[in-house]
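Everything below concerns the one structure shown next.
Each value in this text was obtained by applying a stated rule to the coordinates, not by laboratory testing. Computed from a predicted model, the values in this text were never measured in an experiment. Please note: Cβ atoms are built from the backbone with ideal geometry, for glycine as well, and neighbour counts cover all protein chains shown.
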Amino acid sequence: MFRYVLARAVQMLPLLAVISFLSFVLIHLVPGDPAVIMAGMQAPDSVIEQVRQEMGLDRPFHTQVLDWYQALVIRGDLGRSYFFHAPVTQALAERLPFTLTLAALSMLVATIVGVTLGSIAASAAGTFLDRAILVMSLVGIAMPGFWVGLVMMFYFAVDLGWFPTGGYTPPIEGVVPWLRSLALPVFSLALLESALITRMTRASLLDVLGEDYIRTAHAKGVGHRRVLTRHGLRNSLIPIITIVGTSFGNMIGGAVIIEMVFSLPGIGRLVTMAILSRDYPLIQGTMLVIGIIYVVVNLIVDVLYVAVDPRISYA
Amino acid sequence: MTARLTKFARQRPTGLVGIVLLVGLVVASVGAPLWGLADPLESDYLSMLSPPAADHVLGTDQYGRDLLTRVIYGARLSLGIGASVMTLAALAGLVLGSLAGYFSRLDGPIMRGLDVLMAFPAILLAIAIMAILGTGARNGVIALAIVYTPRCARIVRASVLSVRQRTFVEAGQALGAGDARSLGIHILPNAIGPLVVQMIFVFAYAILADAGLSFIGVGTPPPTPSLGNILAEARDYLMVAPWLMWWPGAAIAAIVLALNLCGDALREVMDPRQRSG
C-alpha cells in the first residue's frame, strides 16, 4: 500500500512541474508589456521600470525561470501581491483555509445527501418517490448555486433572520454562530454536487442490484437494509468516489462565486480583485496552489479506489 | 416521421419537454427585437425600483430599466455565448481528438497537454485565462472554449480509436484510401455521435459558468444585460427590490434544464444501452 502511494506520488511530479511552469509563464502570455499593464497605462516610465525590476522582467528568460523555481522550492516564496502590498503566500495563507473549509464542508454535505437520496431512489426504483428524487436532481443540476444562495439569503436571512446575511464568524467565537454563518453558503455550494452524486449513486446502485449475488443474498435471508448497504452500496462505491473526487475541484471553483454572494473572506474576492487589478503574482500563486491541491485530491481518490475495492491492484 | 415523433414522445416524455422548452426559450429570446419590448438600456428615472406592475410586468431596476426586457436580452446573450463556446470547443476537440486517436505518434503529446488543462477546476482555469486575455464577454467565450476543449477531445479520441479498428476502415485502406480520406470520410462520420451528445452538455455548462463569471464581475460588463450581471445588481438591491433576483436565475435554470433534458434524451436515443430512469 505504502509503495503504491509512493509510486503514484512520483507519477504526480511531472504534472506538478508542468503546473508550476504554467503558473510561471502566465505573465509572459499576457499580450503587451506586463510591467506597463500592472503599473497602469498613464504611469511614468520610472514607475514602469521599477515594476519591471521588482518583477524581474528585465532579466533574461532562463534567469527568470531559475529564480521562480529557486524562490518557490527553497524559500516557498511566490512573490509580492501588488494589490494587497503583502507577500502572495501571506494573502493565500489568510484566505485559502476558509475556501478549503467551505469546499470540504460542502463536499461532506453533498456526499451524505447524494448517497442517501440516491440509495433511496435506487431501492424504490420506478415508484413515485424515485421519480420525485430524479426530478429534484434534474432541477438541482440546472439551478446556478449562486442564485439559490441569493434566494435563500433573502428568505432565511433578510426575511426570517435565521442566518446572518453574510460575513464569517470564526469557530473561536462559538460553534453555533460559526455553523450559522456557513449554513447558507454550504447549502448553495452543495446543491449541484448533491444532485450529481444522487444521480450517480442511483445509476451505480441499480446496476449492482441487478447482479446475481444480490439475489443470492436475498435468498439466503439477509435483511433488505443489509443487502442494500453491505452488498449493494459497498460494490457501487467506485463511480461514487470518482464523482466525489472530481467534485472537490468544482467545489473550489464554485466557492469563488458563492463567497461573492455572502461576502465571505476566501480566495473568491482575492482572485477577482487580482484579475481586475491585474495583480499577476497573486494570480500565478493562486493557480499554482489550487493546481497542487487538485492533483493531491486526485491522488487521494486513486488511493481510495484501492482501499475500497481489493480487485483493483496496487500495481 | 410523425409516427417516429409520437413514438419518441411516448417513450421519452422528458426529452419532449426539453425540446419544447428549449425551442420556446430560443424563439422568445433570439426573436427579442421583434416583440416590441422596451430598450434594455433605456433608463426611466421616474419609475426606479418599481415592483411588478401593468406597465413593467417584472418590475424595474435601480435605473428604471424594464426587467422583463433585460432578462430576455440577457438570455439571448447567454444562449449566444453558450452556442459559441460549444461550437469552438467542439471544433477544437474534433481536430485534437481525431489527430490523437488516428495518429498514435501524436496521441501522447496531445493528450498530456490536455490533461494539464484538466488539472485545474473549470471556473478557476477560465478565470486564469481571462487574467491573460482581459475581462469581457468575448474573452469569456474564448476562456470557456479552452476549458471545455479537453472533454470534447477525449470523447472524439476514444470514439476514433474504436472506429479505427473496424473492418470497413481497414477495407478502405486496403483499397488505397490515404490518411485524410480514411479519417475524414470513413472514421469521423461514424465517430461523431458521442461528441454531439457532449456538445449539448457543454452548451449547458458554458451557460452556467458564464453566468457565474459575469456575476463576479469578470464576464459581460454592465450596462449590457447578461443573466449573471443582472443577478449581481439584484444582490446589491436585495433588501429593497427582491423581485429583481427571481427571473434572471429562473431563466438560467430553465435554459440549462431544457438543454440537460435534450442531452439525456439524445444520449439514450444514440446509445440504448445507457438507459437511465
Report ³J(HN,Hα) in whole Hz for each residue of segment A:68-74, in order, from the Karplus equation J = 6.51 cos²θ - 1.76 cosθ + 1.60 where θ = phi - 60°; Gly and Pro get x.
-> 4, 6, 4, 4, 5, 7, 7
By counting other Cβ atoms within 10 Å of each Cβ, how are A:Asp159, A:Asp33 ranked from fewest to most?
-> A:Asp159, A:Asp33
Of the residues A:Pro14, A:Pro185, A:Pro31, which exhibits the maximal mean-square fluctuation in a Gaussian network model of chain A defined by a 10 Å Cα contact cut-off?
-> A:Pro31
Hz values of 3J(HN,Hα) by residue in segment B:136-145 - Karplus curve (6.51, -1.76, 1.60), Gly and Pro given as x | x, 5, 5, 5, x, 4, 4, 4, 5, 4
Rounded to 0.05, the calculated FRET efficiency for the beta carbons of B:Gln11 and A:Tyr213 at R₀ = 25 Å is 0.20
Grab the beta carbon distance between A:His85 and B:Val23, set R0 = 45 Å, and tell me the FRET efficiency rounded to 0.05.
-> 0.25
Pop out the ³J(HN,Hα) list for segment A:202-211 in order, Karplus 6.51 cos²θ - 1.76 cosθ + 1.60 with θ = phi - 60°, rounded to Hz; leave Gly and Pro as x.
-> 4, 5, 5, 5, 4, 4, 5, 5, x, 6
Going by average Cβ neighbours within 10 Å, how do the peptides A:214-221, A:195-202, A:273-280 rank, with the highest at the top?
-> A:195-202, A:273-280, A:214-221
Can you tell which of B:Val163, B:Val71, B:Val85 shows the greatest fluctuation in a Gaussian network model of chain B with Cα springs below 10 Å?
-> B:Val163
Take the Cα atoms of the protein assembly as shown, build their convex hull, and give its volume per residue in Å³.
-> 218 Å³
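To the nearest 0.05, how large is the calculated FRET efficiency for B:Val116 and A:Arg311 if R₀ is 41 Å and r is the Cβ-Cβ distance?
Numbers: r = 30 Å, r/R0 = 0.74.
After rounding, the FRET efficiency stands at 0.85.
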Using the 10 angstrom Cβ neighbour count as an exposure proxy, how do B:Glu268, A:Glu173 rank, fewest first?
-> A:Glu173, B:Glu268
Angle in degrees between helix A:2-29 and the longest Cα principal axis of chain A, rounded to the nearest 10 = 40 degrees
Residues in segment B:142-164, backbone N under 11 Å from the label point at B:Arg181 (7 Å along the Cα-to-beta-carbon vector): list them, ranges by number please.
-> none
Inter-site label distance for A:Tyr4 and A:Leu304 at 7 Å from Cα along Cβ, in nm | 1.5 nm
Residues with amide H under 5 Å from that of A:Ala86, placed H, sequence gap 5 or more | A:Ser81
